[in-house]
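Below is one structure, written out as structure tokens; the observations come after it.
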Amino acid sequence: MSNAIALSQDKQDETRKVLPWALAMGLSVALLLLQTLSAAARGAPESFADLAEKISPAVVNITTSTTVARNTAPRGVAPEGSPFEEFFREFQDRNRGGNGDRPRRSSALGSGFVISEDGFVVTNNHVIEGADEILIEFFEGGELPAKVIGTDPNTDIALLKVETDKSLSFVSFGDSDISRVGDWVMAMGNPLGQGFSVSAGIVSARNRALSGSYDDYIQTDAAINRGNSGGPLFNMDGDVIGVNTAILSPNGGSIGIGFSMASNVVVKVVDQLKEFGETRRGWLGVRIQDVTDDVAEAIGLENAAGALVTDVPDGPSMEAGIKAGDVIMSFDGKDVSDTRSLVKTVGNTQVGKAVRVVVFRDGKTETLKVTLGRREEAEGAVPASQPAAPSKTEVLGLTISEITDELREQLDLTDSASGLVIQDVVETSKAYEKGLRAGDLITEAGQQKLASVVDLTKQIEAAREAGRKSLLLLVRRAGDPRFVALALEEG
């Protein structure tokens, strides 16, 4: 029985006292007692009251006001010269005189929390976006106006500041990375404008992504409703491990699926907003896609992991020698599992830092050193392209031809664009299943640039001779590149 359940020393002593009597009463009673002791050992809280009392003073309600312009377009229009023309004019003039066209004030509610005694407040960007006035209401009474220090729409985080002569109650951020599925959590905020409110639940899931490149949400079943946005999600130590941001609901109310942006994301954003008034994320300067099983097989990669480079515009990566077709396996000493992990890691790396990037190229790994740029300054970077060449053939379910002046104009290709144009795709082919369509431009095959139909047929034969089941193509559609591993079926 000694290894049946792991208990604390106190619980083990208690168990030794109870077990002989329990076994005498029967196995079912023994099991019931052991389950009870085990639950107690896990520390399920009897009450959240002490914790709520301790941290409530740092949680705030947020009210915003926004000026909204009235719609000044006339509601009715009478034909010129119509007997109703004068009536409509008088009606509209009367409405204007009655303030019908004056701007009106709109208000909204949300939540937030104080993170320093001198008045820094964290909330969601969508709570204060576009607001003319922001008012902070404190749990212990009183209101103060707030100004916006900075916002980050990518993570939906905003940093505010109130001015006050007294020290404010505040809470600290915890480490969201050590939170486990099943841990108790407590949400606080202003749901549906009802004022300060507490709800409790558990961590339902970790590392959820909703829509953004930097998403890292904690999913919880603690009740979160409209008005909770921007409020804190606490662990049982009273540390903030998330900022309540969104819910999944068919009716607008809580159904037990809420999402809080993880504190380890929020802390980095808040630090930058406090220091610079804006975010400053690292920029590697590549376009990437996930490595699928067939892509891995096509390039001889053992496992489908890493981030496949589809394009390298002018910037840090081009200067460092990274090429389209490289698979980024490691960044700054951290393994890259997929594109999402690379984007998050790069974004969290200091601008200007020189990092080592390990890429898989031509069957072996290579280490390159890249000095990161700043993503916010490079959002409009133009993708790199290549040089040009004329014939037509059918292969692998595709009808392809070299670029002609007519096709260049028809497809709006740049003068420097090169490759092979897909003119038709057999609808029953693997190529069609992979999404290839007429008008697409194939610029590379087997990670080699294509200038003619002969180039493509050579790469097909070389892949077959090497025993490959598929050939990696780099395809551009409206300028956007992606890799496609196309099965080498006969025909």
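Among residues that are touching a strand residue (DSSP E or B) at 6+ places or on another chain (Cβ under 8 Å), in a loop (DSSP other than H, G, I, E, B), crowded, with 23+ Cβ neighbours inside 10 Å and β-branched (Val, Ile, Thr), Ile322 is included. Being crowded, with 21+ Cβ neighbours inside 10 Å and under 38 Å from the mean Cα position of the chain (by Cα) holds for only one residue in Ala445, Ala478, and it is Ala445. In the range 448-475, the residue that is surrounded by the fewest Cβ atoms within 10 Å (Cβ to Cβ) out of those that are polar (S, T, N, Q) and under 39 Å from the mean Cα position of the chain (by Cα) is Gln448.
Listed conditions (1) farther than 14 Å from Ser179 by Cβ; (2) of a type outside the set (Lys, Arg); (3) part of a strand (DSSP E or B) are all met by Pro250, apart from (3).
Being surrounded by fewer than 17 Cβ atoms within 10 Å (Cβ to Cβ) and in a strand (DSSP E or B) is the filter here, so list the residues in the range 195-206 that pass it. Within the range 195-206, Ile202, Ala205, Arg206 qualify. In the range 119-133, which residues are in contact with a Pro (Cβ under 9 Å, 6 or more places away or on another chain), in a strand (DSSP E or B) and closer than 18 Å to Thr245 by Cβ? Listed by number, the list holds a single entry, Val122.
Among the residues of the range 178-192, those that are small (Gly, Ala, Ser) and surrounded by 14 or more Cβ atoms within 10 Å (Cβ to Cβ) comprise Ser179, Ala187, Gly189.
Filtered by the rule that a residue be touching a Ser or Thr at 6+ places or on another chain (Cβ under 9 Å), of a type outside the set (Val, Ile, Thr) and part of a loop (DSSP other than H, G, I, E, B), the range 327-358 gives Asp332, Gly352, Lys353.
Here Asn225 passes the criteria (1) assigned to a strand (DSSP E or B); (2) closer than 18 Å to Thr63 by Cβ except the one numbered (1). For the range 442-483, the set of residues classified as farther than 21 Å from Val291 by Cα and among the aliphatic types (A, V, I, L, M) consists of Leu450, Ala451, Val453, Val454, Leu456, Ala462, Ala478, listed by residue number.
Rundown of residues vs (1) among the basic types (Lys, Arg); (2) at pLDDT 90 or above; (3) under 25 Å from Ala209 (Cβ atoms), yes/no style:
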| position | (1), (2), (3) |
| --- | --- |
| Asn303 | no, no, yes |
| Gly321 | no, yes, no |
| Phe331 | no, yes, yes |
| Leu372 | no, yes, yes |
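Inside the range 182-216, residues that are under 20 Å from the mean Cα position of the chain (by Cα) and aliphatic (A, V, I, L, M) make up a count of 4. Contact annotation: residue pairs with Cβ atoms under 7 Å, 6 or more positions apart or on different chains, pairing a residue in the range 143-159 that is in a strand (DSSP E or B) with a partner that is basic (Lys, Arg), are Ala146/Lys161; Lys147/Lys161; Ile149/Lys161; Ile149/Lys274; Leu159/Lys274. Filtering the range 146-160 to residues that are buried (at least 20 other Cβ atoms within 10 Å of the Cβ) and either more than 23 Å from the chain's Cα centre (by Cα) or polar (S, T, N, Q) (or both) leaves Ala146, Thr151, Thr155. Filtering the range 207-239 to residues that are over 21 Å from Gly110 (Cβ atoms) and surrounded by fewer than 16 Cβ atoms within 10 Å (Cβ to Cβ) leaves Asn207, Ala209, Ser213, Met236, Asp237.
The values are calculated or read from the model by the stated rules, or taken from the named source; none is laboratory data. This structure is a prediction, so every number in the text was calculated from the model and none was measured. Neighbour counts run over all protein chains shown; Cβ positions are idealised from the backbone, glycine included.
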